[in-house]
Amino acid sequence: QVQLVESGGGLVQAGGSLRLSCAASGRTFSGSAMGWFRQAPGMEREFLAAIARSDGFTKYADSVKGRFTISRDNAKNTVYLQMNGLKPEDTAIYYCAAGETTSGLRRLESDYWGQGTQVTVSS
C-alpha cells in the first residue's frame, strides 16, 4: 500500500512561484514512477509532469514546459513540483500519483493518488 500526501499549495499572485511536495509512505515508492496532475473547475484531470523511478528521466506537458520542474528524493520518499511564472489559469487542485512508468502516468494510469492541494493564482 502507498499513501501520498501533498502540501505546499496556497494563494499566490500572478508571476509568483510555489513548490509543492508529495510525501509517500509504503514500500513501493522507490519502485514507482511519480507524477503531478491538476484539475481545474469544470475540467478533467490534466497530466503535468512525471519522473522515472531511478534514472531521472522526466516528461512534461507542453503547457508547463519551461515553467514547472519535477524532482524526487527517494531517500525522503518525496516528490516535488517547482512552479514558476504562475498564471491565473494555473488555478486548480494539484495531485500527485504513483505509477508503473512515466508513459503510464502521462495517460493518467495510477493506482495511488494523493488527496490534492489547492493552488490559487490571483490576477
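The values are calculated or read from the model by the stated rules, or taken from the named source; none is laboratory data. Computed from a predicted structure; not experimentally measured. With ideal geometry, Cβ positions are generated from the backbone for all residues, glycine too; neighbour counts draw on all protein chains shown. To get the accessible areas, we keep the full protein, side chains included, count just its heavy atoms, and leave off ligands, DNA and RNA. Shrake-Rupley method; radii C 1.70, N 1.55, O 1.52, S 1.80 Å.
Using a Gaussian network model of the chain in which every pair of alpha carbons under 10 angstrom is joined by a spring, one finds that among S54, S17, S30 the greatest mean-square fluctuation is at S54.
By a straight-distance test (C-alpha under 27 Å), which lysines pair with K76 as possible cross-link partners, with residues fewer than eight away in the same chain excluded? Filter leaves K59, K65. Of the GluC sites (Glu not before Pro) found in region 30-123, those that fall in a DSSP loop while having at most 14 other beta-carbon atoms within 10 Å are E44, E100, E109.
Phi angles across region 85-99 convert, under the Karplus curve 6.51 cos²θ - 1.76 cosθ + 1.60 with θ = phi - 60°, into 3J(HN,Hα) values of x, 5, 10, x, 5, 7, 4, 4, 8, 9, 10, 10, 8, 10, x Hz, Gly and Pro given as x.
Using the 1.4 Å probe convention, the accessible area of the chain works out to 52 Å² per residue with neighbouring protein chains retained. Each residue of region 33-43 is assigned a 3J(HN,Hα), and the resulting list reads 6, 10, x, 10, 9, 8, 9, 8, x, x, 10 Hz, derived from the Karplus form 6.51 cos²θ - 1.76 cosθ + 1.60 (θ = phi - 60°), x at Gly and Pro.
Result for the chain in a Gaussian network model with C-alpha springs under 10 Å: among R45, R106, R72, the largest mean-square fluctuation is at R45. Take the solvent-accessible surface of the protein heavy atoms, probe 1.4 Å, and return the percent of it on the chain that carbon and sulfur atoms account for. Heavy-atom surface of the chain belonging to carbon and sulfur, 1.4 Å probe: 46 percent. Springs join every pair of Cα atoms under 10 Å in this Gaussian network model of the chain, and among I70, I93, I51 the largest mean-square fluctuation is at I93.
Counting Cα-Cα pairs of the chain in 5 Å increments starting at 0 gives whole-percent bin shares of 2, 13, 24, 26, 19, 10, 4, 1, 0. Around the amide H of Y112, modelled in the peptide plane, lie the amide H atoms of A98, all under 5 Å away and 5 or more residues distant in sequence or on another chain.
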